[in-house]
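*Asks:* Shown below is the structure under consideration.
Only the coordinates and a few stated rules stand behind these numbers; no lab work does. Since this is a predicted model, take the numbers as computed values, not measurements. Cβ placement follows ideal geometry from the backbone for every residue including glycine, while neighbour counts extend to all protein chains displayed.
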Amino acid sequence: MFEAKALPKNAGKAEVYESLAQQLSGLVDGERDAIANAANMSALIYDLLPDLNWAGFYFMRGPGLVLGPFQGKPACIRIPVGRGVCGTAVERRTSIVVPDVHAFPGHIACDSASRSELVVPLIRGGAVLGVLDLDSPLPNRFDEADRIGCEKLVEIYLAASDLPDDRG
Ligand code: SME
């Protein structure tokens with residue numbers, strides 16, 4: 001049984017993400033299934049990062065994003081490229097930190113509790129394969145340390161998983 005290693009309350013973000021990266025590497029070790037690894041990664045992030053109300057994946061399927069494994073309330077299923085924070089991250093091929101979702105034009109509200117958001121695209125071989133999306137009920141929850149930390153987690157996920165390039 002996997003036991004997530006709790007972090008001290010006063011741990012800094014660098015320390016938190018270092019521990020998350022180590023635990024994620026252990027979780028995905030020996031498993032190449034992209035859905036199973038995404039499910040466990042969502043659960044690990046949701047369990048260990050404070051002040052989240054949603055953590056999960058969308059994958060590119062044909063022309064747009066489709067909901068993947070996640071933790072949190074049920075979410076919108078399909079997001080066109082260029083729409084919302086997730087679709088914009090795909091279009092720009094870069095991570096997006098949104099301090100105030102109400103100030104982001106076109107933000108898609110899946111959970112009305114969400115106040116800030118971080119989206120990291122999954123990019124392999126030049127192709128965007130999906131996104132990792134984190135939502136928080138606190139405004140301004142995510143900063144550069146979160147972006148860098150989550151990009152590292154996505155790297156570990158991509159290296160470990162056989163993710164089909166299914167852009168249609
Ligand atoms: N807020 C996202 C939609 C996904 S949910 O937050 C889970 C967006 O604007 O793309």
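*Asks:* Give the residue that is surrounded by the fewest Cβ atoms within 10 Å (Cβ to Cβ), with candidates limited to residues of the range 28-71 that are more than 26 Å from A6 (Cβ to Cβ) and free of Cβ contacts under 8 Å to residues at least 24 places away in the same chain.
*Replies:* Looking at the filtered set, the residue picked out is V66.
*Asks:* Here is a list of conditions, (1) within 16 Å of the ligand (Cβ to nearest atom); (2) touching a residue at least 40 places away in the same chain (Cβ under 8 Å); (3) hydroxyl-bearing (S, T, Y); (4) not in a loop (DSSP other than H, G, I, E, B), and S114 meets all of them except one; can you say which number that is?
*Replies:* All conditions are met except number (4).
*Asks:* Here is a further query. Just to be sure I understand, how many residues within the range 72-111 are near the ligand (Cβ under 10 Å from one of its atoms), small (G, A, S) and surrounded by fewer than 16 Cβ atoms within 10 Å (Cβ to Cβ)?
*Replies:* Residues meeting the conditions: 2.
*Asks:* Given the structure, is P8 touching an Asp or Glu at 6+ places or on another chain (Cβ under 9 Å), of a type outside the set (F, W, Y) and exposed (fewer than 13 other Cβ atoms within 10 Å of the Cβ)?
*Replies:* Numbers: touching an Asp or Glu at 6+ places or on another chain (Cβ under 9 Å): yes; of a type outside the set (F, W, Y): yes; exposed (fewer than 13 other Cβ atoms within 10 Å of the Cβ): yes.
Yes, satisfied.
*Asks:* If you check V101 against the conditions, is it touching a His at 6+ places or on another chain (Cβ under 6 Å) and within 29 Å of S19 (Cα to Cα)?
*Replies:* Working: touching a His at 6+ places or on another chain (Cβ under 6 Å): yes; within 29 Å of S19 (Cα to Cα): yes.
Taking the combined requirement at face value, the residue satisfies it.
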